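Written below as structure tokens is the structure these notes are about.
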Amino acid sequence: MKVLVIGTGAREHALCRSLSQDPAVSELHCAPGNAGIARVATLHPVDQLDGDAVTALARELGADLVVVGPEAPLVAGVAEPLRAAGIPVFGPGKEAARLEGSKAFAKDVMAAAGVPTARSYVCTTEQEAAEALDAFGAPYVVKDDGLAAGKGVVVTEDRAAALEHAVACGRVVIEEYLDGPEVSLFAITDGTTVLPLVPAQDFKRALDGDQGPNTGGMGAYSPLPWAPEGLVAEVLESVLQPTVDELRHRGTPFSGLLYAGLALTSRGTRVIEFNARFGDPETQVVLARLRTPLAGVLLAAANGTLGELEPLRWSDEAAVTVVMASEGYPASPRTGDPIEGLDAAEADGTAFVLHAGTAPGPDGAVLTAGGRVLSVTAVGADLAEARARAYAGVAEISFKGAQHRTDIAAGAAR
Ligand code: AMP
């Protein structure tokens with residue numbers, strides 16, 4: 001099978017790593033990719049938002065499957081020309097991707113499907129926003145309606161800051177605050193059959209102890225020893241299947257990866273958000289535990305044959321990933337610094353490095369090229385061992401101003 005992966009981040013590196021280990025994959029390509037992906041796939045400098053260019057590349061390569069990693073190309077409609085050309089594609093079309101592309105659309109789908117989520121108002125004026133903030137009270141939750149790379153959400157006790165964010169965004173969803181631990185649950189679907197993956201937890205805030213601004217994600221772990229038994233079955237029944245059914249009934253079936261961000265509140269499980277693609281950094285730990293070869297699963301989702309697939313097989317081991325970000329992330333990341341210690345981090349074979357914002361430099365050097373620079377992932381017999389191994393890898397890597405959280409999975413590993 002020839003597979004083309006679209007994207008540039010650590011999620012795509014994780015996908016490429018798993019695909020490269022799948023004996024069914026004979027050729028692996030990535031567009032545009034990054035310095036780490038180049039080690040397992042052939043890179044192509046194609047604009048990931050240009051559906052025609054991606055389709056032309058897929059045709060030229062004779063790709064049997066195209067896997068679209070990030071949300072931006074999905075929301076931009078990159079899947080459509082690929083499907084029109086008869087090329088199997090893993091990832092929803094533009095309409096279904098609005099589940100992530102518009103928070104207001106997601107709320108509408110959830111209401112129609114009876115999916116439990118926070119009560120909310122869609123607001124477009126300062127007055128509407130002020131009224132919604134006062135209706136719910138503090139802590140205030142204000143979400144940019146559109147795509148914001150995980151950074152469009154402000155959760156604050158400060159009413160003025162909440163209102164300022166609402167005004168700056170224009171169109172926002174203001175919702176009730178959900179208390180309780182968060183879980184990310186991914187499901188692979190072909191638009192009808194839904195296969196949940198294993199739950200993971202990510203760490204959205206920049207600093208230890210969940211302090212600092214929201215980021216794209218600073219680390220993740222799986223499994224969740226504290227999660228209630230039966231959680232996956234409950235979320236499949238109350239969230240994932242009804243959502244997939246609702247979109248199919250609307251004539252815009254969702255195939256690809258449906259990501260449910262959940263809060264386990266005292267009043268039950270609630271959806272915080274949907275995403276239309278694998279989450280980064282949870283993908284790193286979820287795929288590290290997947291034993292079933294990945295390509296066949298993604299192809300079955302693309303071809304509408306997931307119902308015929310054997311149940312997915314999982315490792316009992318635990319996985320932890322720690323993101324290393326550049327100085328100034330998320331506000332104003334510094335780039336262009338050489339990264340040292342990449343080989344040393346993988347030397348003992350227990351941890352692996354997945355690249356995100358990296359670029360090749362002179363003489364084989366690898367330079368920082370984005371906010372989240374890379375992630376170090378490790379598996380172990382339990383979370384404590386996986387965590388120790390991941391942090392041992394992190395300790396080997398250095399670049400100017402590097403930052404990472406030191407408490408990823410710390411609470412759960414105790
Ligand atoms: P989102 O981009 O919607 O996942 O939001 C980013 C983060 O903001 C989430 O992971 C939560 O930590 C937080 N958040 C979003 N919505 C709520 C809510 N209704 N109540 C509490 N926290 C929230």
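Below, the figures for the structure above:
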read-out: Which listed residue, of 358, 321, 350, 305, is over 20 Å from residue 383 (Cβ atoms), crowded, with 16+ Cβ neighbours inside 10 Å and hydroxyl-bearing (Ser, Thr, Tyr); value: 358
read-out: Those residues of the stretch 1-21 which are part of a loop (DSSP other than H, G, I, E, B) and of a type in the set (A, V, I, L, M, F, W, C), in sequence order; value: 1
read-out: Candidate set from the stretch 203-241 (those that are closer than 13 Å to residue 113 by Cβ and more than 21 Å from the chain's Cα centre (by Cα)); member that is most open to solvent (accessible area, probe 1.4 Å); value: 237
read-out: Verdict on residue 300 being in contact with a strand residue (DSSP E or B) (Cβ under 8 Å, 6 or more places away or on another chain) and of a type in the set (Gly, Ala, Ser); value: no
read-out: Residue under evaluation residue 139, criteria (1) open to solvent by 20 Å² or more (accessible area, probe 1.4 Å); (2) farther than 23 Å from residue 183 by Cβ; (3) within 15 Å of the ligand (Cβ to nearest atom); (4) at pLDDT 95 or above, criterion not met; value: (2)
read-out: Verdict on residue 276 being over 24 Å from residue 357 (Cα atoms) and open to solvent by less than 30 Å² (accessible area, probe 1.4 Å); value: no
read-out: Identity of the residue in the stretch 22-46, touching a residue at least 40 places away in the same chain (Cβ under 8 Å) and part of a helix (DSSP H, G or I), that ends up least open to solvent (accessible area, probe 1.4 Å); value: 37
read-out: Residue match in the stretch 237-248 (condition: within 10 Å of the ligand (Cβ to nearest atom) and farther than 19 Å from residue 315 by Cα); value: no
read-out: Which listed residue, of 345, 331, is surrounded by fewer than 21 Cβ atoms within 10 Å (Cβ to Cβ), of a type in the set (A, V, I, L, M) and more than 26 Å from residue 91 (Cα to Cα); value: 331
read-out: Enumeration of residues in the stretch 109-123 that are surrounded by 14 or more Cβ atoms within 10 Å (Cβ to Cβ) and not hydrophobic (A, V, I, L, M, F, W, C); value: 116, 117, 120, 121
read-out: Lone unmet requirement of (1) in a loop (DSSP other than H, G, I, E, B); (2) in contact with a Ser or Thr (Cβ under 8 Å, 6 or more places away or on another chain); (3) away from the ligand (no atom under 12 Å from the Cβ) for residue 178; value: (3)
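The values are calculated or read from the model by the stated rules, or taken from the named source; none is laboratory data. Worth saying up front: this structure is predicted, and the values here are computed from it rather than measured. Please note: Cβ atoms are built from the backbone with ideal geometry, for glycine as well, and neighbour counts cover all protein chains shown. For the accessible areas, the whole protein counts, side chains as well, though only heavy atoms, and no ligand, DNA or RNA atoms are used. Shrake-Rupley method; radii C 1.70, N 1.55, O 1.52, S 1.80 Å.
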